[in-house]
Amino acid sequence: MEETLQTIQSIPLEHYIWFCATLFVIGVIGVLIRRNAIIILMSVELMLNAVNLLLAAFSVHHGDPSGQVFVFFIMAVAAAEVAVGLAIIVMIYRNTGSVDINIMNKLKW
């Protein structure tokens, strides 16, 4: 465990910031560009995981385990979000035969 912490601390924090920013931007682009609801859900998960990695990196570098506790709660919320999101997508697929979000514009008023 100590070797893992030393390995994580040996990498400069800026590298984690750039990597997480890149992952987050890829997730944002996936949400904005793609039309498939499942891929949009995966992009949201990518953004959440980028934030989780950054929280864990800051937590290790500052020696404060509270960031890791936040990561645990974010992972629990993300799991619940995926379960609800997939259930909604399955119901939409059963009703429309597609997961294209352009078909879902019937929800507009």
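The values are calculated or read from the model by the stated rules, or taken from the named source; none is laboratory data. Bear in mind the structure is a predicted one, so any value in this text is a computation, not a measurement. Glycine also receives a Cβ, built like all others from the backbone with ideal geometry; neighbour counts cover every protein chain displayed. Note: areas computed on protein heavy atoms with side chains; ligands, DNA, RNA excluded. Shrake-Rupley method; radii C 1.70, N 1.55, O 1.52, S 1.80 Å.
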Problem - Carbon + sulfur, % of accessible area of the chain - ligands and nucleic acids excluded, 1.4 Å - result: 72 percent
Fill in the blank from the handout: Longest principal axis of the chain (C-alpha) makes with the long axis of helix 66-96 (C-alpha) an angle, in degrees to the nearest 10, of 10 degrees
Practice task
For a quick protection proxy, order the peptides 6-16, 35-45 by their average other-Cβ count within 10 Å, most packed first.
Solution key: 35-45, 6-16
Exercise for the section: Measure nothing fancy, just the Cα-based angle from helix 13-33's long axis to the longest principal axis of the chain, in degrees from 0 to 90, nearest 10. Expected result: 0 degrees
Problem - region 59-109, accessible area per residue, ligands and nucleic acids excluded (1.4 Å, Å²) - result: 77 Å²
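Could you grab the relative contact order for the chain? Cα pairs under 8 Å, six or more apart, rounded to a whole percent.
Values: 84 pairs, mean separation 29.0, N = 109.
For the chain, the relative contact order is 27 percent.
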Handout entry: Degrees separating the helix 37-62 axis from the principal Cα axis of the chain, which is the longest one
Key = 10 degrees
